[in-house]
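The values are calculated or read from the model by the stated rules, or taken from the named source; none is laboratory data. Everything quoted here is computed from the prediction, not taken from an experiment. In this analysis, Cβ positions are derived from the backbone assuming ideal geometry, glycine residues included, and neighbour counts consider all displayed protein chains.
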Amino acid sequence: MSPEISIVIPVYNEEESLPRLFDELYPVMDKLDRSYEIIFVNDGSHDKSFSLLYDFQKKHLETVRFIDFNGNFGQHMAIMAAFLHVRGKYIITLDADLQNPPAEIPKLVQQMDAGHDVVGTYRQNRHDPVFRKAASKVVNKITNNITGLHINDYGCMLRGYSRRIVDIIAHSNESTTFIPALGQKYAVNPIEIPVNHREREFGTSKYSMFRLIRLNFDLMTSFSLSPLQWVTMSGMGISILSFILVAYMLIRRFIIGSEADGLFTLMAIQFFLTGISIMSLGIIGEYIGRIYKQIQKRPRFVIKDIWEKKDSGDKND
Ligand code: UDP
Ligand code: MG
């Protein structure tokens, strides 16, 4: 029989956090008094995460399923793989590092009971370095503007989705994506609620600055063409300005005669325009790169094993 709730947790080198996550998750889920399953996805960890998850699944055959990836395909692909395998009516995603406290899960379930098909969350009393908080505030605002979506906090992965939404997400065939944005896009009755947030106690963030920027490009290119329209608009703007400049210079030429001043001004303008040209090529390249990846049609992730209880017993026993 299908469980009512599926909890989805991507895991990448979280050996220190996992034991405490296991300890915190069960009391919360049992208290809910609903049938549930927990799906872990091991995203190519090279620490002890695999063996911890393996043992845990063996101990909790009835409730735990475990998807083991063939390598590191990223957090969003890990969630995508789980979405293709979940059986629950409500699906809740959660980070493995305990920054999203499992104790918040009942709040999400309550909102889904009230009929919301996507329950987004934003972090109350967020414990992250100040510069990261400020940066994500700006990034959230820009991202909302570009994508036309309204998400308060793109970085909080504690989210609930109805079965219908998860099916739509799982069958969106894009090679790079951002799960909360896909959910929001197809939601009919979404809501956002504040949740507690904890400091990362063990290990470090799996996102370097460079990786975060790349993830943001994935988000923007997946949900909007407006960066390309900006390129076109800025090209048009610059053409109009330079037309006016040429007309002005011509008039000066006739009135004042030949002039050879302003070499440095010219250089500054030239550098500025070169910058814009390179950036524009980059923006176009971001889209072309993704088209290239998409038409290669390589698998978005490769599953090595799924450890779960089958009707005829545990798959791997
Ligand atoms: N994660 C993953 N694959 C990755 C990077 C991260 O499965 O390539 C998982 C990670 O184990 C954690 C969640 O995604 O459960 C969020 O990662 P992290 O806490 O490093 O992100 P942050 O909180 O710093 O944004
Ligand atoms: Mg984290």
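Out of the range 164-207, which residues are among the small types (G, A, S) and closer than 22 Å to S45 by Cα?
Of everything in the range 164-207, those that are among the small types (G, A, S) and closer than 22 Å to S45 by Cα turn out to be S175, G203, S205.
Return a yes/no flag: does the range 71-80 have any residue that is touching a Leu at 6+ places or on another chain (Cβ under 7 Å), of a type in the set (A, V, I, L, M, F, W, C) and touching a residue at least 40 places away in the same chain (Cβ under 8 Å).
no
Could you list, ordered by first residue, the pairs with Cβ atoms under 8 Å in which the first is in the range 235-253 and without any contact (Cβ under 8 Å) to a residue 60 or more places away in the chain and the second is surrounded by 11 or more Cβ atoms within 10 Å (Cβ to Cβ), at least 6 apart or interchain?
Short answer, once both residue conditions are applied: G235/S280; I238/L273; I238/I276.
Filter the range 120-153 down to the residues that are without any contact (Cβ under 8 Å) to a residue 24 or more places away in the chain and touching an Asp or Glu at 6+ places or on another chain (Cβ under 7 Å) and list them by number.
N140
Keeping to the range 99-130, report how many residues are farther than 19 Å from R34 by Cα, assigned to a helix (DSSP H, G or I) and within 16 Å of ligand 2 (Cβ to nearest atom).
The number of residues fulfilling the criteria is 0.
So in the range 100-131, with the set limited to residues that are within 12 Å of ligand 1 (Cβ to nearest atom) and under 16 Å from the mean Cα position of the chain (by Cα), which one is nearest to V166 (Cα to Cα)?
For the range 100-131, the residue satisfying everything is N100.
Yes/no per residue for (1) at pLDDT 90 or above; (2) acidic (D, E); (3) within 16 Å of ligand 2 (Cβ to nearest atom):
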{"residue": "M209", "(1), (2), (3)": "no, no, yes"}
{"residue": "D218", "(1), (2), (3)": "yes, yes, no"}
{"residue": "F223", "(1), (2), (3)": "yes, no, no"}
{"residue": "M233", "(1), (2), (3)": "yes, no, no"}
{"residue": "A247", "(1), (2), (3)": "no, no, no"}
{"residue": "S258", "(1), (2), (3)": "no, no, no"}
{"residue": "L263", "(1), (2), (3)": "no, no, no"}
{"residue": "A268", "(1), (2), (3)": "no, no, no"}
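Out of curiosity, is I39 farther than 21 Å from F202 by Cβ, of a type in the set (A, V, I, L, M) and within 15 Å of ligand 1 (Cβ to nearest atom)?
Taking the combined requirement at face value, the residue satisfies it.
Quickly run through the range 145-163 and pick out the residues that are small (G, A, S) and modelled with pLDDT of 95 or more.
Scanning the range 145-163 gives G160, S162.
Look at D95 and say whether it is closer than 25 Å to P27 by Cβ, within 14 Å of ligand 1 (Cβ to nearest atom), among the acidic types (D, E) and at pLDDT 95 or above.
The answer is yes for D95.
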